[in-house]
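*Asks:* Encoded as C-alpha cells, here's the structure I'll be asking about.
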Amino acid sequence: MKFSLKLLLWTMIVMAIALGISGFYFVNYVFETSLEREAEQALDENSILCFAFETAALNVPAKYDVLQDNTVEQIAANLESGGQNANRMLRLSDEEKSILYASSGFETDDELLRQTDALTKTYRTIMLNDHYYIQTSSTVNALDRVLYLETMRDVSDVFNERELGFKVYQRVTIIMLFFGTIIMHLISSWLTKPIRLLTKATKRMAAGDYDYRAQQISDDELGRLTLDFNQMAEALEENINKLEDEIQAREDFVGAFAHELKTPLTAIIGYADMLRSRKLDEEKSFLSANYIYTEGKRLEAMSIRLLDIMVTRHGQVQFQEVAVESLFLYIKDMFKTNESMKFEYIYDKAVVWAESNMIITVLINLLDNASKASEPGSIVEVNGKEEDTGYRFTVRDHGIGIPQEELQKITKAFYMVDKSRSRSRNGAGLGLSLCTEILSLHDSSLEIDSTLGEGTSISFVLPVRRKENTGHEEVNH
C-alpha cells in the first residue's frame, strides 16, 4: 500500500473514532442536562402539589378530626384536573402505603413508594407503555395524617431528542468523513509529493542517469531530505566519475605499460635473434649488443621506477630533520660527471622535516628531466629558498618547454610530451609520477610553470614540521 493511502486511511480512522466518541459524549451531555432539568421540574411540581394538597385539606369543613379517605380522593381528583398541566398523573397513598387514589394510566410498581419516608423525597426514570416518565414521591402532612404523593412527568421528548441527536450526528459524521477523505487525499498527495519525486530520482539514478536531481518543493523536513538526497547524488556522481577516471587511467596505464614493454622487448628479441642466427662482423655484433644493453637498461630503469611508485604508495615513511645543504651536496656529487650540462646551485641553508632519500629521488628526477629537455651545454638552475610557507626547491631549465595543454597530463604514469625524444634518452614517463606520489606523502605537490621554446620551472615546498610526543607530525604554516 502506498504511503499516501496509509496516511489517508489512518487519518480517516482516527477522525472517525474522534468524531464518534465526541459525538456520543456531546449528545449524551445534552441529554443528561435536559433530563436533569426535567427531574428538577418534576420535583418542583411534586412540591407544589404537596403544598396545594395541604392547603386544600385545611379548607375542608371541620366535621371530622381526621381527614377522611373520600376527602383525600376528592382533593386528589381536583389536583389532577386543575392547573395548566391537565394531563398530570398522580397517586396518593395512606400511612400504610396503601393506594387511596391513582390517575388513569398510573400503573407502575410501588418500589419508589417503599423507599420514601418522612424525611426523603425520591425520584426515578421509568419506561411505561413506550413512554418515558420521571416518577417522584414525597410525604404530605394534612390534619394529623401522613400521606404519600407520587407524580409522573412525561419526558419522552427528551429521549426522542437524544435519539434524533444521534441520527443527526451520524449523518454529519458521514458527511464530514466523506469531505474529509477528499481533503485528506489532496493533503496526503501534496505531503508525499517530495517522496514521489525522490522515488523517481532514485529510479532514474538506478537506471544510470546520475545527472538527474530530485526537485525540492518545500523547506520542511522532506525538503531537507530532498536537499540531502541531491547532495548525496552529487557525491555519488563525483565518486562514480572518479572511479571511471581511475578505471580509465588504469586501462591507459596497462596499455601504456604494455606498449613501453613491447618496444624495448621487440628490439632486444630482434637483435638477440640476429646474434643467435647469423654470423656478424665485430662492428655489427657490437651495435647489436649495445642495442640489447641500452633497451635492457631502459627496462631496468622503468621497473625500478614502477617499484618505487608502489613502495611509495604503500610503504611507511620515516620523517626526520634533514639539512638542506646535505641534499644539495648529494645531487652535486651525483651530477658532476654529467659534462654535457651546466648546473648552477643556489640555496639558503635550513633544516626541513622530510624523508631524505625520497626528496633526493624527487630532485634527481627533476634534474634528469631538465637535462633531457635541454640541449647539450644548456644551464640547469637548482635553487632552494626559505619562505613563510616552508622551504621551496626549484629546478629550472631553458629547454624545449611544455605546451599548456600538456601540463595537466605530464604527472601521469607513462605520459611523455615528446615520446621519441624521451625514448632516445631511456625515458619511460614515470619520473614525474613518482615525484607526485612522494610529495603527496610530504603534504606537498609539484608547481609547474613552462613556456614552449623557453624552458620549464618545476618547484615544490616542504612545509615546516615538528615532531609530537605521540610520533605524529604536525604542519605549521
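*Asks:* For THR11, THR192, THR266, THR125, write out the residues from largest to smallest accessible area, computed with a 1.4 angstrom probe and no ligands counted. Before the final figure, lay out each step's value.
*Replies:* Numbers: THR11 40, THR192 5, THR266 85, THR125 65 Å².
Putting THR11, THR192, THR266, THR125 in descending order of accessible area: THR266, THR125, THR11, THR192.
*Asks:* Excluding residues fewer than 8 places away in the same chain, name every one of the aspartates and glutamates whose C-alpha is closer than 19 Å to that of LYS297.
*Replies:* Qualifying aspartates and glutamates at Cα under 19 Å: GLU260, ASP273, ASP308, ASP368.
*Asks:* To continue, here is another question. Rank these by accessible area, largest first, 1.4 Å probe: PHE328, PHE286.
*Replies:* On the way: PHE328 0, PHE286 135 Å².
Putting PHE328, PHE286 in descending order of accessible area: PHE286, PHE328.
*Asks:* Can you run phi through the Karplus equation (6.51, -1.76, 1.60; θ = phi - 60°) for the range 3-14 and list ³J(HN,Hα) in whole Hz, with x for Gly and Pro?
*Replies:* Those phi angles translate into 4, 4, 5, 4, 4, 5, 4, 5, 5, 5, 4, 5 Hz.
*Asks:* Check which residues have an amide H placed less than 5 Å from VAL155's amide H, if you skip close sequence neighbours.
*Replies:* TYR132, TYR133, ILE134
*Asks:* Here's a follow-up. Under 5 Å between amide H atoms, partner at least 5 residues away or on a different chain: which partners does VAL380 have, H built in plane at 1.01 Å?
*Replies:* LYS342, PHE343, GLU344
*Asks:* LEU243: accessible area at probe 1.4 Å, nearest 10 Å²?
*Replies:* Using a 1.4 Å probe on the heavy atoms, I get roughly 100 Å².
*Asks:* If I model a spin label at ASN70 and PHE24 as a point 7 Å from the Cα along the Cα→Cβ vector, what separation in nanometres do I get?
*Replies:* Using points 7 Å along Cα→Cβ, the separation is 5.9 nm.
*Asks:* Using a 1.4 angstrom probe and counting only protein chains, how large is the accessible area of ILE99 in Å², to 10?
*Replies:* Looks like 100 Å² after rounding.
*Asks:* In nm, to one decimal, how far is the modelled label at ALA77 from the one at THR125, with both set 7 Å along Cα→Cβ?
*Replies:* Rounded to a tenth, the inter-label distance reads 3.5 nm.
*Asks:* A further question on this structure: For GLU406 and TYR345, FRET efficiency with R0 = 45 Å and r from the beta-carbon atoms, rounded to 0.05?
*Replies:* 0.95
*Asks:* Next question. Collect residues whose amide H, placed 1.01 Å from N in the peptide plane, falls under 5 Å from the amide H of GLU355; neighbours closer than 5 in sequence don't count.
*Replies:* Under 5 Å from the amide H of GLU355: GLN320.
*Asks:* Consider a paramagnetic label point 7 Å from the Cα of ILE240 along Cα→Cβ; state which residues of the range 175-205 have an amide N under 12 Å from it.
*Replies:* 202-205
*Asks:* Accessible area of LEU441, 1.4 Å probe, to the nearest 10 Å²?
*Replies:* 60
*Asks:* What nm value, rounded to one decimal, do you get for the distance between VAL168 and SER218 when each label is placed 7 Å out toward the C-beta?
*Replies:* Between VAL168 and SER218, the label points sit 3.8 nm apart.
*Asks:* Here's another thing I want to ask about it. Applying the Karplus parametrisation 6.51 cos²θ - 1.76 cosθ + 1.60 with θ = phi - 60° to the phi angles of the range 164-174, what ³J(HN,Hα) value in whole Hz is obtained for each residue in order, glycine and proline being reported as x?
*Replies:* With coefficients 6.51, -1.76 and 1.60, one gets 5, x, 4, 5, 5, 5, 5, 5, 4, 4, 4 Hz.
The values are calculated or read from the model by the stated rules, or taken from the named source; none is laboratory data. These numbers come from a predicted model, not from an experiment. Every residue, glycine as well, gets a Cβ built from its backbone with ideal geometry; the counts of neighbours run over all protein chains shown. What goes into the accessible areas is simple: the full protein's heavy atoms, side chains included, and nothing from ligands, DNA or RNA. Shrake-Rupley method; radii C 1.70, N 1.55, O 1.52, S 1.80 Å.
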